[in-house]
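Visitor: To start, I am sharing the structure in question, which I have written as structure tokens.
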Amino acid sequence: MGMRARFLAVLLLCFSAPLVAQVPPSLPSQIPANYFAKSPTYEAVRVSPDGRYLAVTARVGAEYSLLVLSLPDKKLVSGMHFANFSTVGEVEWTSNERMIIAMGYLRPGQETASLSGELFAMNADGSGKDYLFGIQGERVIGSRLSGGAQAEHGFAELEDPLPEDDDHALVTIVNSTQRTADGRYYSRNFTPLYRMNVHTGKRTEVATPPMRTPQRYFADAKGQVRMVAGVGDDSYLSKTYWRTGEGAWQLVPVQGDTLKTLRITRDGRRAYFLAARGGNQQCLVEWEFPAADAKTEPRDLLCRSAGELGTVYFTYEGRPYGYAAGPAAAMILIDQAPLEARVTASLQNQFPDQIVYLADSSHDHRKLLFFVYSDRNSGEYYLYDAASGEASFFDATQNWIDPELMASVRRVQYKARDGLDIHGYLTLPKGREAKNLPMVVLPHGGPIGVRDTWGWEAAPQFLASRGYAVLQMNYRGSSGYGKAFEDAGYGQWGGKIIDDITDGTRWAIAQGIADAKRVCIFGASYGGYAAVMSAVREPDLYRCAVGFSGAYDLNLLVKDSDVSGRSSGRLFWEDSMAKAPEERAKQSPISYVQNLKIPLLIVHGERDIRTPFSQAKALRKALDGAGKSYEWLSEAEEGHGFANEEAVTRFYQKLEAFLGKSIGAAR
């Protein structure tokens, strides 16, 4: 397969020609580092309710533009590019002709736009541009835009575009003059829900939640609010409440160790949940809303063991028709009748060894938008037209990447020292046998409730392109394997989680995959912590370590991190690490730098607020005090992880040179 068509690039050349980088017609034998450093072109693609248009948010340089394309010819109808550092954050159709845009900004160090709390709307043809809510009010945001909304401090988020109500959408608004370190507004008050006019910005309060921090409201097609999920000050675990009309909120009667609320049907009659039970079981639960003074019992539609029930797929009407057997797995049908199910199954047959899922659709199901990806394919969009019965290629999210040049990713499994099954992924250099390879161990961040999945990922692919095998493991605490597995990671930051990583490394060596004398460890966020902690706990196992945006002094982290600004965040720190400061000190890599024997590379963004730059400076001070040598890379304009293409490229080049010196340039 050669280089894929650059459909969107052609459109963008028409819209903003000076901003579009050209893609070379072919790639050299070794793919340049910057090819892996580029952010995907798309943030979102949305089909209008009647299927006449596509709204596309496409990245151009450091900002996103909004493009509206007609269907089926895919011609450019209109576009929007905000000025003065604003950008398109999210977009949703509120009717066949009108969109509501959650405005955003791209701070240095961000791969995707942070929402600014401002709402804007426009019609598909580019007319009717209205600023609905935000601090800029009547002030013009670029010469083309105007609006009648009054300036207001606050942060608005779109909850439901109500596409069957042409004039309104549901939004939450946090009114406060206080802001978090990353610029977001916050409030300690209960956040109500409003019905907002999408032409004028006028709004009416329609619901107040029963918990302090609502995370999501659920409404039917008429805009009647039926459920809300969120957390209070006493826990970081979500609870879900329901009500009839404007009656009192009540806890839903669905039982589970943890409960994830998925959605309600458009007719407002049923709700669906994922309930974890017994530590090793996940159930898809249906519950019918009861009539006044009545009671209905939840019904388990299906239950699977941990790791075998991933994403659930719903029709537009809100009924489940399939599920993935674990994250990044092919869909299994539970209802073959809906068109969405039949077309997905057909496309899955046409793309063997890839994952196909429905990304969006028109309300009449005549236009379906599908996303296809694999370990070597970073993602492609296909449009299905029910009238012709055919699916056509729309564009690739990273059309400069040729899947034929990418590495394959295998699913692997090994036993931890206490007998626990650990699953993971092994990326192998293209054309190389899994035998005696230089290897980079790449633990993920989190550590609790996060996981690696099968699919294309930039860092492993970059390392594989340089000849390194890459081992990623979903250590205890990772999501997707049941509550018991996830709970096993609590309190184990520097304990059994590190054991799981160590055991995976030794497994790869014992299997003959990795050369025992050529193994390094590299991770970001918690993965950066794990890399340095592994280096001091296992000083003879690795030949080098790379800590990227890592946490090294846990007591300092609890004090400085943005997570600590929330009561739920503080509870999470205490449960996942340790409550006692002396215990957190025992789990901090900074306490053991004297054990370090191997080369260390410290990488950090100076604008990081999750694991602040103070972490890297504290580690550097400790290393200097212990007389240990290290290499250093900091970026003044980057945050928690690097996003700017030039900064990511510099890091990849630094990483390549560092690994080459430590375990030999891969040949």
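Only the coordinates and a few stated rules stand behind these numbers; no lab work does. Since the model is a prediction, treat every value here as computed from it, not as a measurement. Here Cβ is always computed from backbone atoms with ideal geometry, including for glycine, and neighbour counts include all displayed protein chains.
Visitor: Using θ = phi - 60° and the Karplus form 6.51 cos²θ - 1.76 cosθ + 1.60, what ³J(HN,Hα) does each residue of the range 367-378 get, whole Hz, x for Gly and Pro?
Guide: 10, 10, 10, 10, 10, 10, 8, 7, 5, 10, 9, 6
Visitor: I've got another one for you. Regarding the chain, what is the average projected area of its C-alpha convex hull, in nm²? Spell out each step's value before the answer.
Guide: On the way: hull surface 112.6 nm².
That works out to 28.2 nm².
Visitor: Considering amide H positions built from the backbone, and no H for Pro or chain starts, which residues 5 or more places from Thr258, or on another chain, come under 5 Å of its amide H?
Guide: Correct list: Ala276.
Visitor: Let me ask you something else. Can you give the FRET efficiency to the nearest 0.05 for Asn96 and Lys75, using r as the Cβ-Cβ distance and R₀ = 30 Å? Walk me through the numbers on the way to the answer.
Guide: Values: r = 18 Å, r/R0 = 0.59.
Here the calculated transfer efficiency is 0.95.
Visitor: Test of understanding: ordering Cys520, Cys303 by Cβ neighbours within 10 Å, fewest first, what list do you get?
Guide: Fewest to most other Cβ atoms nearby, the residues stand as Cys303, Cys520.
Visitor: Tell me, what ³J(HN,Hα) does each residue in the range 381-393 have, in order and in whole Hz, if you take phi through Karplus 6.51 cos²θ - 1.76 cosθ + 1.60 with θ = phi - 60° and put x for Gly and Pro?
Guide: 9, 10, 9, 9, 10, 5, 5, 9, x, 10, 10, 10, 5
Visitor: A follow-up question, please. So for the chain, averaging the separation of alpha carbon pairs under 8 Å that are six or more residues apart and normalising by length, what relative contact order in percent results?
Guide: Numbers: 1615 pairs, mean separation 65.1, N = 667.
In percent, rounded to a whole number, it is 10.
Visitor: Using the Cα atoms of the range 407-663, I'd like the radius of gyration and the largest Cα-Cα distance, Dmax, both in angstrom.
Guide: Values for the range 407-663 (Cα only, Rg and Dmax): 17.0, 50 Å.
Visitor: Provide the gained length on full extension for the span Lys129 to Ala484, in nm with one decimal, where the gain is 0.36 nm per separating residue minus the Cα-Cα distance.
Guide: Details: separation 355, 0.36 × 355 = 127.80 nm, distance 5.07 nm.
My answer for the length gained is 122.7 nm.
Visitor: Another question, if that's okay. Between Glu288 and Lys597, what's the calculated FRET efficiency when r is the beta-carbon distance and R0 is 45 Å? Round to 0.05. Each step should come with its number before you reach the end.
Guide: Working: r = 62 Å, r/R0 = 1.39.
Efficiency for this residue pair is about 0.10.
Visitor: In nm, to one decimal, how far is the His153 label point from the Thr258 one, both placed 7 Å along Cα→Cβ?
Guide: Going by the 7 Å Cα→Cβ label model, 3.6 nm.
Visitor: If the cut-off is a Cα-Cα distance under 18 Å, which lysines reach Lys75, setting aside same-chain residues fewer than 8 apart in sequence?
Guide: Within the straight-line limit of under 18 Å, Lys75 reaches these lysines: Lys367.
Visitor: Can you list residues whose amide H is under 5 Å from Gly664's amide H, if they're 5+ apart or on another chain and H is modeled 1.01 Å from N?
Guide: Amide H neighbours of Gly664: none.
Visitor: Continuing with this model, one more query. Evaluate the distance, in nm, between pseudo-label points positioned 7 Å from the Cα of Ala510 and of Asn175 along their respective Cα→Cβ axes.
Guide: Each label point is offset 7 Å from its Cα along the Cβ direction, giving 6.3 nm.
Visitor: Taking the Cα centre of the range 568-667 as the origin, how large is its charge dipole in debye, to the nearest 20, when only Lys and Arg (+1) and Asp and Glu (-1) carry charge on their Cβ atoms? Don't skip to the end; give the middle numbers.
Guide: Details: 15 positive and 14 negative charges, 90 e Å.
Dipole size: approximately 440 debye.
Visitor: Same structure again: Among Gly310, Met406, Pro209, whose Cα sits farthest toward the positive end of the charge dipole of the chain (+1 at Cβ of Lys/Arg, -1 at Cβ of Asp/Glu, about the Cα centre)?
Guide: Going by the charge dipole, the pick is Met406.
Visitor: While we're here: Return the sequence-ordered ³J(HN,Hα) values of the range 278-287 in whole Hz as given by the Karplus equation 6.51 cos²θ - 1.76 cosθ + 1.60 applied to θ = phi - 60°, using x for Gly and Pro.
Guide: x, x, 9, 9, 10, 10, 8, 10, 10, 9
Visitor: If you don't mind, another one. Any idea what the relative contact order of the range 407-663 is, in percent, if you count C-alpha pairs under 8 Å spaced at least 6 apart?
Guide: Taking the mean separation of contacting Cα pairs over the length of the range 407-663, I get 17 percent.
Visitor: Structure shown: which of Lys239/Lys260; Lys239/Lys559; Lys435/Lys654 lie over 19 Å apart, alpha-carbon to alpha-carbon?
Guide: On the way: Lys239/Lys260 8 Å; Lys239/Lys559 28 Å; Lys435/Lys654 26 Å.
Over 19 Å Cα-Cα: Lys239/Lys559; Lys435/Lys654.
Visitor: Let me ask something else about it. Give me, ordered by chain and number, the residues 5 or more places off Gly446 or on other chains with an amide H under 5 Å from its own placed amide H.
Guide: Sorted by chain and number, the residues that satisfy this are Tyr526, Gly527.
Visitor: A follow-up question, please. List the residue ranges in the chain for DSSP H helices whose C-alpha atoms run 15 angstrom or more along the long axis and whose Kyte-Doolittle average is -0.5 or above.
Guide: Details: long enough: 339-350 (17 Å, -0.38); 496-510 (20 Å, 0.00); 526-537 (16 Å, 0.58); 613-626 (20 Å, -0.21); 645-663 (26 Å, -0.21).
Those that clear 15 Å and a mean of -0.5 are 339-350, 496-510, 526-537, 613-626, 645-663.
Visitor: Can you sort Glu288, Glu43 by how many other beta carbons sit within 10 Å, fewest first? Please report the intermediate quantities before stating the final value.
Guide: Working: Glu288 14, Glu43 22.
In order of increasing Cβ crowding within 10 Å: Glu288, Glu43.
Visitor: About its Cα centre, how strong a charge dipole does the range 424-496 have in debye, to the nearest 20, once Lys and Arg get +1 and Asp and Glu get -1 at the Cβ? Can you show the working numbers first?
Guide: On the way: 8 positive and 5 negative charges, 38 e Å.
Dipole magnitude for the range 424-496 comes out near 180 debye.
Visitor: So how do Glu574, Glu404 line up by other beta-carbon neighbours within 10 Å, fewest first? List each step's numbers first, then the result.
Guide: Working: Glu574 15, Glu404 12.
Neighbour counts put them in this order, fewest first: Glu404, Glu574.
Visitor: Give me the distance between the Cα centres of the range 280-296 and the range 600-638, rounded to whole Å.
Guide: Their Cα centres are 50 Å away from one another.
Visitor: With Cβ to Cβ distances under 13 Å as the rule, what net charge do the other residues near Gly477 carry (K, R +1; D, E -1)? Each step should come with its number before you reach the end.
Guide: Working: positive: Arg451, Arg476, Lys483, Lys496; negative: Asp452, Glu486, Asp487, Asp499, Asp500, Asp575.
Once positives and negatives cancel, what remains is -2.
Visitor: Run the quick spin-label model on Ala636 and Ser408: label points 7 Å from Cα toward the beta carbon, then report their separation in nm to one decimal.
Guide: Going by the 7 Å Cα→Cβ label model, 4.7 nm.
Visitor: Toward the positive end of the charge dipole of the chain, about the Cα centre and with charges on Cβ (Lys, Arg +1; Asp, Glu -1), which of Thr57, Ala33, Ala531 goes farthest?
Guide: So the residue we want is Ala531.
Visitor: Need one word for the range 565-662: rounded, prolate or oblate. Basis is the Cα gyration tensor (sqrt eigenvalues a ≥ b ≥ c); a/c below 1.5 gives rounded, then a/b vs b/c decides. The partial results should precede the final answer.
Guide: On the way: a/c = 2.46, a/b = 1.27, b/c = 1.94.
Oblate is the answer for the range 565-662, as a/c is 1.5 or above yet b/c matches or exceeds a/b.
Visitor: Using unit Cβ charges (K, R positive; D, E negative) and no other charged atoms, how large, in debye to the nearest 20, is the dipole of the chain about its Cα centre?
Guide: Numbers: 73 positive and 77 negative charges, 320 e Å.
The calculation lands at about 1540 debye.
Visitor: Let me ask something additional. Assuming R0 = 30 Å, can you tell me the calculated FRET efficiency for the pair Asp353 and Ala434, based on Cβ-Cβ distance, to the nearest 0.05? Each step should come with its number before you reach the end.
Guide: Numbers: r = 18 Å, r/R0 = 0.60.
After rounding, the FRET efficiency stands at 0.95.
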